Every structure is written in C-alpha cells, then in structure tokens.
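The values are calculated or read from the model by the stated rules, or taken from the named source; none is laboratory data. Bear in mind the structure is a predicted one, so any value in this text is a computation, not a measurement. Counting neighbours? That spans all protein chains shown, and the Cβs are built from the backbone with ideal geometry, glycine included. Calculation scope for accessible area: heavy atoms of the full protein, side chains included, ligands and nucleic acids excluded. Shrake-Rupley method; radii C 1.70, N 1.55, O 1.52, S 1.80 Å.
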Amino acid sequence: MAGRRDYTRETLADGVRAGDRRALARAITLVENSEPLAYDVVRDLYPETGRTYAVGVTGPPGVGKSSLISALVRHVREQSRSVGVISVDPSSPFSKGALLGDRIRLADHFLDPEVFIRSMGSRGHLGGLAEATLQALLVLDAAGKELVFLETVGTGQGEVEVIGIADTVVLVLMPGSGDSIQALKAGIMEIPDVIAVNKMDHPAAKTMLNEVRSVLSLDREREWKPPIVLTEAMRGENVDTLWEKVEAHRAFLESEGLLEQRRRENLAGEVFAVASARAKAHLERAVADDAALRRLLDEVQSRKLDPLTAVREIMREVFKLEDEDGTRA
Ligand SMILES: Nc1nc2c(ncn2[C@@H]2O[C@H](COP(=O)(O)OP(=O)(O)O)[C@@H](O)[C@H]2O)c(=O)[nH]1
Ligand SMILES: [Mg+2]
C-alpha cells in the first residue's frame with residue numbers, strides 16, 4: 001500500500017488494522033479534521049477495540065510529562081510491548097520528527113516502528129479535544145498498540161475530559177507545584193491513581209513528596225492508595241518503579257473486576273463530554289447565525305428581557321426544548 005495516498009474506507013481500516021504507520025498517520029489526521037471518512041473508519045474498527053491499556057499522564061506545564069513518557073516508552077520497549085503516544089500538550093509538538101526547541105526526548109523513539117507518536121493540535125474539533133483524542137486512541141487500539149500514553153497539560157475541564165478515557169491516570173508534579181497541591185486538597189483536581197514527583201534532583205523534591213503525602217492522607221476511604229514515586233526523567237531514575245506502580249494499579253483494577261466498570265464509566269463520560277461539546281458548538285453557531293436570537297441577548301443587556309427567559313427562548317429555538325430550566329411555563 002506504500003505510496004497510495006487516497007485511502008478508501010476499507011483500505012484505511014485495513015491499513016490501521018495492520019498497524020501501517022502511514023495509514024495510522026492518515027487516520028489520525030482525518031480524525032483531527034473531523035472528516036466523515038474518519039467517523040466511518042472508527043465505526044468499522046470499534047468492535048475490535050478495547051485491547052489497549054491507556055495511561056493518562058497529566059500535570060502542569062514543564063514538570064516533565066513528555067520526558068517521563070519518553071523514559072516510560074523506553075522502559076516498556078525493553079519488554080517489547082508496542083506503544084502509542086498521543087500528546088495534547090500544545091507546548092510539546094512532536095509531529096513528523098520535526099521537533100521544536102529542546103523537546104527531542106520523544107524523538108529517540110521515532111525510528112522505532114513499534115512506537116507511534118502523535119501530537120494533537122487544539123484546533124476546532126466539533127466535539128472538542130475529547131473527541132479527537134478518543135478517536136485517535138481507538139485508532140491506535142485497533143492498530144494493536146498494547147499501551148497508549150495520553151499526555152495532557154493542566155487540570156482544566158477540557159483536560160479532564162481528555163484524560164477521562166485513561167485506565168490509569170498518572171499525575172506528574174515537581175518541586176514547586178504548589179497550585180496542584182492546593183487543587184488536590186480542595187478537591188478541584190481528582191485524585192489520580194499514581195503520582196510522580198519528578199525532578200527529584202531538585203533540593204525541594206522531598207518537601208514536595210511530603211506535601212503530597214499529607215494531602216493524600218486526608219483521604220482514608222479509598223481502596224486504592226495512590227502511590228507516590230520520586231523520579232528523574234532525564235536520567236530515567238525510578239522510571240521502572242513508576243511503571244511498576246502503573247502495573248500495580250492495573251492489576252488492582254483487574255483483580256477487583258473494576259477495569260470493566262471503569263471503562264464503562266469512562267466511555268459513558270466521553271460520550272457525554274463529546275455530546276456536550278457538540279451541543280455547545282451548535283448553540284454558539286445557531287446564535288451567531290440568527291439575528292432574532294442575537295437580539296434576545298441585546299434585550300437582556302438593555303434589561304428588557306431577563307436572562308432566564310432568554311435562555312428558555314434559545315433552548316426552544318435551538319434545541320426544541322421546553323421548560324429546560326425546570327420551571328413550568
Ligand atoms: N532537572 C530535571 N529536569 C527535567 C526533568 N524532567 C524534565 N526536565 C526538564 O524540564 C523541562 C520540561 O520538560 P517536559 O518533558 O517538556 O515537560 P512537560 O511540559 O511536562 O511535558 C525540560 O527542559 C526538561 O529537560 C528531571 O527529572 N530533572
Ligand atoms: Mg509535554
């Protein structure tokens with residue numbers, strides 16, 4: 001199939017199944033562009049998916065997520081496992097081997113045919129980044145990747161939706177990630193399954209470790225106690241231990257019969273997230289395209305119409321919904 005540019009639904013699905021890199025790259029580009037062919041191919045492949053184990057890697061910018069993923073990929077490649085990486089960190093663009101700045105860590109793996117790395121742009125997908133990531137993950141799953149790492153930056157709602165599909169979530173912090181500690185403490189950030197305190201070469205790493213420990217100790221009821229690992233991504237220090245913890249979490253989920261349950265909830269959550277994102281995009285477009293709806297907003301502004309009456313009008317007009325605010329007309 002080499003050299004063939006115009007895939008059909010069948011040849012693209014077959015290329016993905018065979019793990020052909022060109023087909024994978026093409027399929028994910030189509031996914032990113034919300035092309036109809038991408039939907040068809042994923043629809044065809046979906047019954048064959050569910051074999052990949054997805055590891056989400058999240059945390060603030062600059063903590064070393066990309067570097068750690070690179071080290072983890074190296075580690076799991078020593079066990080000959082096939083790997084995919086999807087990065088939705090806009091600051092870590094690893095596409096086509098053309099890497100910016102010093103972010104060459106994942107480039108080590110570009111020559112390895114069993115490793116497929118792709119960064120997703122944050123362009124306007126109909127269903128947001130959650131949609132594009134989910135579809136890309138399914139493509140890599142159908143291609144037979146045993147493991148897929150999903151890198152996302154931050155802790156915003158969009159990122160939560162992207163990481164929401166992961167079987168195991170690793171939160172990466174570094175000395176000085178005080179905001180994240182506060183977010184964990186306040187319950188803004190969900191408790192991850194494994195925590196890496198990276199840059200352990202930094203003098204404040206131990207302090208950070210203790211802070212994370214004290215936050216987690218507040219939460220005694222959990223069956224799974226998230227392990228915390230000090231790592232150094234550049235030299236690969238403790239990366240094997242970090243991977244052991246990920247595997248331990250997987251074993252925990254599997255032994256308790258929780259993996260199926262988690263996946264069921266994750267998939268439901270993704271469907272909901274993508275549907276919500278599409279509904280929002282639809283709403284915004286509808287209001288932008290409709291002078292009468294825009295006028296409602298003007299009337300709210302000039303206090304001729306109260307906000308919830310405008311909401312009700314908009315819901316009726318755009319979604320054909322009555323009484324969505326729960327009041328009786
Ligand atoms: N000293 C030290 N620097 C690190 C470590 N891990 C990553 N870095 C550096 O931290 C910076 C950000 O790393 P990167 O992996 O791009 O972080 P990301 O934004 O979380 O993906 C880079 O300059 C890395 O070289 C570490 O364990 N120790
Ligand atoms: Mg990164």
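Hey, among T49, T29, T58, which residue is within 19 Å of T168 (Cβ to Cβ), more than 16 Å from ligand 1 (Cβ to nearest atom) and modelled with pLDDT of 70 or more? Don't jump to the end; show me each part of the working.
Details: T29 fails: within 19 Å of T168 (Cβ to Cβ); T58 fails: more than 16 Å from ligand 1 (Cβ to nearest atom).
Only one candidate passes the filter, namely T49.
Considering each residue of region 49-80, count those that are farther than 13 Å from G236 by Cα, open to solvent by less than 40 Å² (accessible area, probe 1.4 Å) and in a loop (DSSP other than H, G, I, E, B), and give that number. Break it down into steps so the answer makes sense when it comes.
Quick first cut of region 49-80, residues farther than 13 Å from G236 by Cα only: 49-63, 77-80.
Pick out the ones that are also open to solvent by less than 40 Å² (accessible area, probe 1.4 Å) and you get 49, 52-60, 63.
Checking which are in a loop (DSSP other than H, G, I, E, B) leaves us with 49, 52, 60, 63.
Number of matching residues: 4.
Report yes if I191 is open to solvent by 10 Å² or more (accessible area, probe 1.4 Å) and outside any strand (DSSP E or B), otherwise no. Explain how you work it out, then say what you get.
Values: open to solvent by 10 Å² or more (accessible area, probe 1.4 Å): yes; outside any strand (DSSP E or B): yes.
Yes: the conditions hold for I191.
Looking at region 156-169, can you tell me whether even one residue there is within 16 Å of ligand 1 (Cβ to nearest atom), open to solvent by less than 10 Å² (accessible area, probe 1.4 Å), at pLDDT 95 or above and part of a strand (DSSP E or B)?
no
If I filter region 184-197 for residues that are farther than 22 Å from L253 by Cα and touching a residue at least 40 places away in the same chain (Cβ under 8 Å), do I get at least one hit?
No, region 184-197 contains no residue that is farther than 22 Å from L253 by Cα and touching a residue at least 40 places away in the same chain (Cβ under 8 Å).
Among what's in region 194-223 and is within 20 Å of R262 (Cα to Cα) and modelled with pLDDT of 95 or more, pick the residue that is surrounded by the most Cβ atoms within 10 Å (Cβ to Cβ).
I195
Would you point out which residue out of S255, S276 is under 30 Å from V76 (Cα atoms) and among the small types (G, A, S)?
Working: S276 fails: under 30 Å from V76 (Cα atoms).
Within the list S255, S276, the selection yields S255.
Wholly within region 230-329, which helices (runs of 4 or more DSSP H) include no fewer than the required count, namely at least 2 residues that are in contact (Cβ under 8 Å) with a residue 40 or more places away in the chain? Before the answer, list the steps.
Numbers: elements: 239-255, 258-289, 291-301, 307-319.
Filter on region 230-329 gives 239-255, 258-289.
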